[in-house]
Structure formats: structure tokens, C-alpha cells
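Student: Next up is a structure, given as C-alpha cells.
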Amino acid sequence: MGNALRRWLLPLFLAAACALLPGCQRSAENEPARVLVDGTEWPGGSMDADSGDDLRVYVTLDGVALIDLPFSEAHALDILLPDGGENHIVLTGQSVFMQDANCENHDCVDMGAVTRENLELRVMGGFIICLPHRVSVEVRGE
């Protein structure tokens, strides 16, 4: 399946799957998620770098962009949800992976790392998804 088709179908799949899980839907009155980059509160947006890299890492919550980073930089990201959900994402400069999450099933952690070499070979392509927390990580070209 092509990356463009994955990007189009994935939000639909996530919304449908989330509708089936108890407690998965966010309520409108929830405060926004907090994002920590290397232990520092992130104000939002993208991080620009003259890395010359053609790949970026996009992290979203409920399909809304939280942060956009160059793939070739090393960072530790903590996504802290108002309901207590937490995801810890690691960028090594060579790969990106979900190191830990306090969700029940840890499927996101078990998805393993996305690398430049396996990006097109993985079943989920460049995606790592934590369905209970509605957090997705995507590695894709600019």
C-alpha cells in the first residue's frame, strides 16, 4: 500500500477502531497534551534543521499535529496526555521507536523501530501507533 494511501486511510481506521474501545474518545473539555522534547516543554510546531535530510518525524494526537522533527536528529519525546496517558518516543538519528507507553497492550512498543532501511518494508510503513492513547508517529519524506 502506498504512503499516500496509508496517510489517507489511517485516520479513518483509527477513528473507527477508537470508537470500539471503551474510554478511547477524548472529551472536548480535556486540556491539550503536553510534549516534552529532551525534557523541555515544547511550545508546538516544527523544529527546523539544516540536516539535508529528506525524512521527517511527525507525531500526532487524534490526527492533530503535535510536533514535526528531522529524522536525522537524536531526541527523546514525552507525550503527556491530560488523562494520565504517557508515550515515550526516541529518535536516535538513525531510527525512531516507541520506547515505552503506559497503555494496556503495548502494541506500539512492540511495533519496533522505523529506520531508513525498513521504512518501505514494514507492514505499517513509517507508522507507529498507540491506539489507546490516539498517538501516532509517522516517518515520511518532506
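Student: Could you pull out every residue, at least 5 positions away or on a different chain, whose amide H is within less than 5 Å of the one on Ile67? Hs are placed 1.01 Å off N in the peptide plane, and Pro or chain starts have none.
Tutor: Those qualifying (amide H under 5 Å, at least 5 residues apart or on another chain) are Val59.
Student: While we're on this one: For the stretch 34-141, with every protein chain kept in place, what is the accessible area per residue (1.4 Å probe, Å²)?
Tutor: 46 Å²
Student: What does the extension gain come out to for Glu41 and Met124, with contour length at 0.36 nm per residue minus their alpha carbon separation?
Tutor: This chain segment gains 26.9 nm when fully extended.
Student: With N residues in the stretch 34-141, what two-decimal value do you get for its Cα radius of gyration over 2.2 N^0.38 Å?
Tutor: 0.98
Student: If you don't mind, another one. On a full-extension model of 0.36 nm per residue, what is the gain between Glu117 and Ser95, subtracting their alpha-carbon distance, rounded to one decimal in nm?
Tutor: 7.0 nm
Student: Extension gain Val64-Ala76, at 0.36 nm per residue separation less the Cα-Cα distance, in nm? The partial results should precede the final answer.
Tutor: Numbers: separation 12, 0.36 × 12 = 4.32 nm, distance 1.99 nm.
Taking Val64 through Ala76 to full extension adds about 2.3 nm, to one decimal.
The values are calculated or read from the model by the stated rules, or taken from the named source; none is laboratory data. From a predicted model like this one, the values you see are computed outputs, not experimental measurements. We work out accessible area using only protein heavy atoms, side chains counted, and drop any ligands, DNA or RNA first. Shrake-Rupley method; radii C 1.70, N 1.55, O 1.52, S 1.80 Å.
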